[in-house]
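The values are calculated or read from the model by the stated rules, or taken from the named source; none is laboratory data. None of the values given here were measured: they were computed from a predicted structure. Every residue, glycine among them, receives a Cβ derived from its backbone with ideal geometry; neighbour counts consider all protein chains shown.
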Amino acid sequence: MTNMLENAQVSRRTFMKGSALAGLGAAAMGTGAVSLFGCSPSADGAKGGDAAATQAVEETTTWGHCAINCPGRCSLKFHVQDDEVAWVETYTSKDAGFDEVQPRACLRGRTYRRWLANPDRINYPMKRVGKRGEGKFEQISWDEAVDTIASELKRIIDEYGNESVYIPYATGVSSTTARSLPRFMNCIGGCLGSYGDYSAMQMEMIVPHTYGASGFSGSTLNAAEDAALILAFGTSPTETRQGGAVSHYDWVHLRETTKGKMIYIDPRMNDSVMGRSAEWQPINPGTDLALLMAMANVLIEEDLYDHDFVEQNTYGFEEFAEQAKEYTPEWAEKITDVPAETIQELARSMAKAAPAASIESGWRSVIGCSYKNSFETARAITAINSLLGCWGAKGGALITSSPKAGAIEDARFKAPAKPAAKRIGDAEYPLVLASAGTNVAALQATLEGEIKGLFFYNSNAAKGYAQPKKWTEALEKTDLVVTIDVQMSETAQQSDYVLPEVTYLERLELPEFVGGKKHYVGMRTVALEKIHPETRTCDEIFNGLAEACGVGEYFQFTAEDWAEAQLATVGVSLDQMKKEGVVELPDPHFEYGVPTFKTASGKFEFKTDKVGEAGLNPVIGWIPRKVTPQSGEFAIVGGKQGIHSHTMTQNIEALHAISREYHMERLWMAAKDAADLGVQTGDTVEVSSSEHTGQVEVRVTQRLKPGVVFLPTHYGGDAPAQTRAYHYGISLTDFIPLDAEPGVGSMMSQEVAVTVKKVEA
């Protein structure tokens, strides 16, 4: 492969940053587990490390907020010294309430500055010169890149139609200027797609089929301070969310400000349990739905549910109640391995605490596209909240609003016509939201030769999604693959063109509007001018492509123009944003009380006809997981760690050093299972599924249910250009079959059974 650093301009700051082990990594190791897995109140390198060495240098500060792909959107203050971001400040006030901005940035967010001068960063446009996947590229000019890509796009659409071009969802660093991408696709008539494979998909998909309004993710942190009891299914906020603004506040703070009880239901005793002295209830993976239905059985059969709420505000309860009769605690015990008495006690405790009680939905292991029954599990969570009558109650399940920019009258921002073509996957997966697509459908269509052009923006489908082998096979059938990124990911390595973007510290973006009981607007502003002259912002890239494709009339503005126009609609100026970082918007008039259910019936729906039309049970009920481990097999579960955000951060040296120091890439195995196999911590084992075999070291632990193994995600990189991540650990995505959940089209990322055997030295 052509060395990406050839011809790159290496400044003094680049050399200094590239040669130093991140001061943050060393600092974090000296401050204990809170810095790793909680949200440290200290700043990134503040008063030590890199910052201490440059204290005498003149300093400027800039407000922005994190771009790592999590819901936190933490506000950050960047301290720039000698043309580099020397350290990143985070919020430390102990007096701020739950409704106030809480930008307590996590480790992974604060260390993103390490990409600025990372020696593995992409610094100029490249085109493939070898076979796809060989990783052989040569540097080209921006003019050549834009003209060639535009010409190919027009040819593909003319030859194969509008549905032949697709944009998978970005899973790395979020950028509001990426809104230029769908705008561009609408202009040229391409097939517009978004996400649908992972994370909170099911919780979003159920919205029109249960309660009908956005703004609910379980027992939100807006309600947690007043909650008497919260059940957390498959979620570990201190690992997946980390810091946070507004409703996504640091969960560690709950320990100091609330007296409510939290019970985590998870096959693994996750770090959130460890950090808050919460209760842990182990459960068989993929069986949360059985537990929820048995709790519904107890609430109904023992007459513990809220009659008034159910009678006045729900639809289909009679059918649900009749069906729930068969879901006894004894029935659920056989499926979940949770004792019937425990199930009864959970239901009774929730009823006693109601309405100041609800269920927190997980972002990964149970709600996030994990199993064949994940959509139904999400429906069941909302059903329990309805039986408890906790919707809109203080300490209950809140539905809050989100602010939006108003209409922009300026003709420069006129909206292009949306493509008339049908979206890929709509027929196969009829429950997918209008605002979302499904990457599984796109992959299937690409394998069948229907999609010929793919744009990946900070999206590493060839490693971050399920079945990298299938993505590799699919990309071989395409005419054009373009990746826009800051690093040579596995997907970039298989692309025809790789376009280098600036980091979020080097660009101004559009405002982001954050809702909750209070409303805020925040945005990222330029911390320092771009380091590498051949890098461009996402909006600059698509402005150029639009001009080359003959639709430049829709891009007669800059990102700053667009940001100013949006901010003006809510009475905020760009200068104010640059000065304050986050601005509170006018009172959203939040009030406790039963919300308006924007469903077909106007009520919460235990029964939804449209779900039945999609081939599923219209009444919320039991669906088994697809794969049940047999004798000698283990159920494998995966999930995030607080150290990384997907594959985007795995090559940052500061974080990578911590991973290696604490052996965070290892496979977790329950002590009982390890003893049976003769395995000890540090031993190497071979893990095999129907799709893949790999070797990894083991961590033996009491924090895992026997019969289950846990493999952290974001390891096992296959891109040689990512020198730190290359072949470090193994990747869960390699083991997952290509299979989508009925109705919603999500990848069933944990419908996998594996065998594990010790590798003898």
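From the set of residues in the range 248-301 that are surrounded by fewer than 23 Cβ atoms within 10 Å (Cβ to Cβ) and basic (Lys, Arg), which is modelled with the lowest pLDDT?
Arg255
Is it the case that the range 480-502 has a residue that's among the aliphatic types (A, V, I, L, M), touching a residue at least 40 places away in the same chain (Cβ under 8 Å), surrounded by fewer than 23 Cβ atoms within 10 Å (Cβ to Cβ) and out of contact with any strand residue (DSSP E or B) (no Cβ under 8 Å at 6 or more places or on another chain)?
No.
Any idea which of (1) buried (at least 19 other Cβ atoms within 10 Å of the Cβ); (2) at pLDDT 95 or above; (3) not in a loop (DSSP other than H, G, I, E, B) is the one Thr733 doesn't satisfy?
(2)
Can you pull out every residue in the range 572-589 that is surrounded by 18 or more Cβ atoms within 10 Å (Cβ to Cβ) and within 27 Å of the chain's Cα centre (by Cα)?
Listed by number, the residues that qualify are Met577, Gly581, Val582, Val583.
Which residue, of Ala466, Ala378, Ala417, is small (Gly, Ala, Ser), modelled with pLDDT under 90 and within 21 Å of Leu545 (Cβ to Cβ)? Can you show your working first?
Details: Ala466 fails: within 21 Å of Leu545 (Cβ to Cβ); Ala378 fails: within 21 Å of Leu545 (Cβ to Cβ).
Among Ala466, Ala378, Ala417, only Ala417 is small (Gly, Ala, Ser), modelled with pLDDT under 90 and within 21 Å of Leu545 (Cβ to Cβ).
Of the conditions (1) crowded, with 24+ Cβ neighbours inside 10 Å; (2) out of contact with any His (no Cβ under 7 Å at 6 or more places or on another chain), Gly464 satisfies every one except a single condition; which number is it?
Only one criterion in (1) crowded, with 24+ Cβ neighbours inside 10 Å; (2) out of contact with any His (no Cβ under 7 Å at 6 or more places or on another chain) is unmet by Gly464, namely (2).
Could you go through the range 232-241 and let me know if any residue there is within 23 Å of Arg348 (Cα to Cα), modelled with pLDDT of 70 or more and not small (Gly, Ala, Ser).
First pass over the range 232-241, keeping only residues within 23 Å of Arg348 (Cα to Cα): 232-235.
Applying the additional criterion that residues be modelled with pLDDT of 70 or more yields 232-235.
Next cut, not small (Gly, Ala, Ser) only: 233, 235.
So far as the range 232-241 goes, yes, one or more of its residues are within 23 Å of Arg348 (Cα to Cα), modelled with pLDDT of 70 or more and not small (Gly, Ala, Ser).
Among what's in the range 653-673 and is part of a helix (DSSP H, G or I) and of a type in the set (Lys, Arg), pick the residue that is nearest to Leu116 (Cα to Cα).
At the first step, the residues of the range 653-673 found to be part of a helix (DSSP H, G or I) are 653-661, 671-673.
Those still in the list that are of a type in the set (Lys, Arg) too: 660, 672.
Details: Arg660: 22, Lys672: 45 Å.
The extreme case among them is Arg660.
Among the numbered conditions (1) under 27 Å from Ser690 (Cβ atoms); (2) assigned to a loop (DSSP other than H, G, I, E, B), tell me where Gly621 comes up short.
Only one criterion is unmet by Gly621, namely (1).
Mind counting the residues in the range 659-677 that are over 9 Å from Arg699 (Cα atoms), exposed (fewer than 15 other Cβ atoms within 10 Å of the Cβ), free of Cβ contacts under 8 Å to residues at least 40 places away in the same chain and of a type outside the set (Lys, Arg)?
2
Got a sec? Which of Val627, Val594, Val619 is aliphatic (A, V, I, L, M), closer than 30 Å to Val685 by Cβ and either in contact (Cβ under 8 Å) with a residue 12 or more places away in the chain or touching a strand residue (DSSP E or B) at 6+ places or on another chain (Cβ under 8 Å) (or both)? Walk me through how you get there before you give the answer.
Numbers: Val594 fails: closer than 30 Å to Val685 by Cβ; Val619 fails: closer than 30 Å to Val685 by Cβ.
The match here is Val627.
Which condition from (1) out of contact with any helix residue (DSSP H, G or I) (no Cβ under 8 Å at 6 or more places or on another chain); (2) small (Gly, Ala, Ser); (3) touching a residue at least 60 places away in the same chain (Cβ under 8 Å) is the one that Ala546 breaks?
Evaluating Ala546 over (1) out of contact with any helix residue (DSSP H, G or I) (no Cβ under 8 Å at 6 or more places or on another chain); (2) small (Gly, Ala, Ser); (3) touching a residue at least 60 places away in the same chain (Cβ under 8 Å) leaves (1) as the failure.
Quick check on Glu529: is it assigned to a helix (DSSP H, G or I) and among the acidic types (Asp, Glu)?
Details: assigned to a helix (DSSP H, G or I): no; among the acidic types (Asp, Glu): yes.
When the stated conditions are applied, Glu529 does not pass them.
Of the numbered conditions (1) among the hydroxyl-bearing types (Ser, Thr, Tyr); (2) out of contact with any Ser or Thr (no Cβ under 7 Å at 6 or more places or on another chain); (3) outside any loop (DSSP other than H, G, I, E, B), Thr382 fails exactly one; give the number of that condition.
(2)
Whether any residue in the range 587-596 is out of contact with any Lys or Arg (no Cβ under 7 Å at 6 or more places or on another chain), charged (D, E, K, R) and more than 30 Å from Lys154 (Cβ to Cβ) is what I want to check.
Yes: the range 587-596 contains one or more residues that are out of contact with any Lys or Arg (no Cβ under 7 Å at 6 or more places or on another chain), charged (D, E, K, R) and more than 30 Å from Lys154 (Cβ to Cβ).
Is one or more of the residues making up the range 587-600 of a type in the set (Ser, Thr, Tyr), closer than 30 Å to Ala407 by Cβ, outside the structural domain of Pro742 (by TED's automatic domain parsing) and not in a loop (DSSP other than H, G, I, E, B)?
The answer is no, given that none of the residues of the range 587-600 is of a type in the set (Ser, Thr, Tyr), closer than 30 Å to Ala407 by Cβ, outside the structural domain of Pro742 (by TED's automatic domain parsing) and not in a loop (DSSP other than H, G, I, E, B).
Only one of (1) modelled with pLDDT of 85 or more; (2) within 30 Å of Val440 (Cβ to Cβ); (3) not basic (Lys, Arg) is not met by Ser402, so which one is it?
The one condition Ser402 does not meet is (1).
Do the conditions hold for Lys530, that is, is it in contact with an Asp or Glu (Cβ under 8 Å, 6 or more places away or on another chain), of a type outside the set (Asp, Glu) and without any contact (Cβ under 8 Å) to a residue 60 or more places away in the chain? Quick ask: steps written out before the conclusion?
Details: in contact with an Asp or Glu (Cβ under 8 Å, 6 or more places away or on another chain): yes; of a type outside the set (Asp, Glu): yes; without any contact (Cβ under 8 Å) to a residue 60 or more places away in the chain: yes.
For Lys530, the condition - in contact with an Asp or Glu (Cβ under 8 Å, 6 or more places away or on another chain), of a type outside the set (Asp, Glu) and without any contact (Cβ under 8 Å) to a residue 60 or more places away in the chain - is met.
Matching residues to (1) surrounded by fewer than 16 Cβ atoms within 10 Å (Cβ to Cβ); (2) assigned by TED's automatic domain parsing to the domain that holds Ile643; (3) modelled with pLDDT under 95; (4) not β-branched (Val, Ile, Thr):
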| site | (1), (2), (3), (4) |
| --- | --- |
| Asp147 | yes, no, no, yes |
| Glu152 | no, no, no, yes |
| Thr171 | no, no, yes, no |
| Pro182 | no, no, yes, yes |
| Asn186 | no, no, yes, yes |
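Criterion first (in the same structural domain as Lys603 (by TED's automatic domain parsing), closer than 14 Å to Leu388 by Cα and assigned to a helix (DSSP H, G or I)) does Leu304 satisfy it? Working first, answer last.
Values: in the same structural domain as Lys603 (by TED's automatic domain parsing): yes; closer than 14 Å to Leu388 by Cα: yes; assigned to a helix (DSSP H, G or I): no.
Taking the combined requirement at face value, the residue does not satisfy it.
Which condition breaks for Glu605 when tested against (1) touching a helix residue (DSSP H, G or I) at 6+ places or on another chain (Cβ under 7 Å); (2) crowded, with 23+ Cβ neighbours inside 10 Å; (3) not assigned by TED's automatic domain parsing to the domain that holds Tyr371?
Among (1) touching a helix residue (DSSP H, G or I) at 6+ places or on another chain (Cβ under 7 Å); (2) crowded, with 23+ Cβ neighbours inside 10 Å; (3) not assigned by TED's automatic domain parsing to the domain that holds Tyr371, the lone unmet condition for Glu605 is (3).
Has the range 694-709 got at least one residue that is touching a helix residue (DSSP H, G or I) at 6+ places or on another chain (Cβ under 7 Å), surrounded by 17 or more Cβ atoms within 10 Å (Cβ to Cβ) and either among the hydroxyl-bearing types (Ser, Thr, Tyr) or at pLDDT below 95 (or both)?
No, that holds for no residue.
Does the range 657-665 include one or more residues that are touching a Phe, Trp or Tyr at 6+ places or on another chain (Cβ under 6 Å), modelled with pLDDT of 90 or more and in the same structural domain as Phe317 (by TED's automatic domain parsing)?
Taking the range 657-665 as the starting set, the residues that turn out to be touching a Phe, Trp or Tyr at 6+ places or on another chain (Cβ under 6 Å) are 665.
With modelled with pLDDT of 90 or more added as a condition, the list becomes 665.
So of that shortlist, the ones also in the same structural domain as Phe317 (by TED's automatic domain parsing) come out as none.
No, the range 657-665 has no match at all.
Please verify whether Ile620 is at pLDDT 90 or above, within 23 Å of the chain's Cα centre (by Cα) and closer than 30 Å to Trp331 by Cβ, treating the condition exactly as stated.
No; evaluated as a whole, the condition is false for this residue.
Let me confirm something: among Gln695, Gln722, which residue is among the polar types (S, T, N, Q) and in a strand (DSSP E or B)?
Values: Gln722 fails: in a strand (DSSP E or B).
Among Gln695, Gln722, only Gln695 is among the polar types (S, T, N, Q) and in a strand (DSSP E or B).
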